[in-house]
Amino acid sequence: VSVQAQVLNLMLDLQSELGLTYLFVAHDLSVVKHISNRVAVMYVGKLVEMAPTDTLFATPKHPYTAALLSSAPEPDPRVRSNRMVLEGEVANPANPPSGCYFHPRCPYAIDLCRTTTPQLSEVVPEHFVSCHRAEELQLEGVMAEAMS
């Protein structure tokens, strides 16, 4: 872990000194939060949400993003987390479901989700999401210090 932290900090230093841009692919959300200015979340090869890091972690607009954030371990055992457990299996990318690829696992899916593929749209400035219900759902994010 200390070597990982050193490498990440070196990457951040080089980025600052040389004006670099990285495309960083990871599943470790604490690392993503530490190194990224913007985050894109994908589900079965499709972009479902993209926003500035702090915005995405605090106010996710896609149910899959909210589920990912809720799965991050809570370092304080006194804090109870509201983990969003997804039912079902990940969609097969070779034979995806109709409509939204996430609808079979989504607790908020409606008929429109099953039949029509949602388009990526900007729901608030710099926050893009591919979900028919993005503007009406109030999904939980994580506090900034919880992922630090």
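The values are calculated or read from the model by the stated rules, or taken from the named source; none is laboratory data. This one's a predicted model, so the numbers in the text were calculated from it and none came from an experiment. Note that each Cβ is placed from the backbone with ideal geometry, even for glycine, and that neighbours are counted across all protein chains shown. The accessibility values were calculated without ligands, DNA or RNA, using every heavy atom of the protein model including side chains. Shrake-Rupley method; radii C 1.70, N 1.55, O 1.52, S 1.80 Å.
Consider PRO60 carefully, then state whether it is touching a Gly at 6+ places or on another chain (Cβ under 7 Å) and over 27 Å from GLU136 (Cα atoms).
no
Please list, ordered by first then second residue, the pairs with beta carbon atoms under 7 Å, 6 or more apart or interchain, first in segment 123-148 and under 11 Å from SER70 (Cα atoms) and of a type in the set (Asp, Glu), second in a loop (DSSP other than H, G, I, E, B) and modelled with pLDDT under 95.
Close Cβ pairs (under 7 Å, with a partner that is in a loop (DSSP other than H, G, I, E, B) and modelled with pLDDT under 95) amount to GLU140/ASN82.
Please go through segment 112-130 and pick out each residue that is in contact with a Ser or Thr (Cβ under 9 Å, 6 or more places away or on another chain), in a loop (DSSP other than H, G, I, E, B) and either open to solvent by 80 Å² or more (accessible area, probe 1.4 Å) or within 18 Å of VAL41 (Cα to Cα) (or both).
THR117, PRO118, GLN119, LEU120, GLU126, SER130
Could you grab me the full set of residues in segment 81-120 that are without any contact (Cβ under 8 Å) to a residue 12 or more places away in the chain and closer than 16 Å to VAL48 by Cβ?
HIS103, ALA109, GLN119
Among the residues of segment 1-33, which ones are free of Cβ contacts under 8 Å to residues at least 12 places away in the same chain and among the aliphatic types (A, V, I, L, M)?
Scanning segment 1-33 gives VAL1, VAL3, ALA5, VAL7, LEU10, LEU14, LEU18, LEU20, LEU23, VAL25, ALA26.
Counting only residues that are within 25 Å of ASP13 (Cα to Cα) and open to solvent by 10 Å² or more (accessible area, probe 1.4 Å), which one in segment 42-65 is nearest to the chain's Cα centre (by Cα)?
The residue in question is MET50.
Among the residues in segment 69-85, are any out of contact with any Cys (no Cβ under 9 Å at 6 or more places or on another chain), farther than 15 Å from GLU140 by Cβ and open to solvent by less than 50 Å² (accessible area, probe 1.4 Å)?
Within segment 69-85, one or more residues are out of contact with any Cys (no Cβ under 9 Å at 6 or more places or on another chain), farther than 15 Å from GLU140 by Cβ and open to solvent by less than 50 Å² (accessible area, probe 1.4 Å).
For ALA109, which of the numbered conditions (1) within 16 Å of the chain's Cα centre (by Cα); (2) part of a loop (DSSP other than H, G, I, E, B) fails to hold?
The failed condition is (1).
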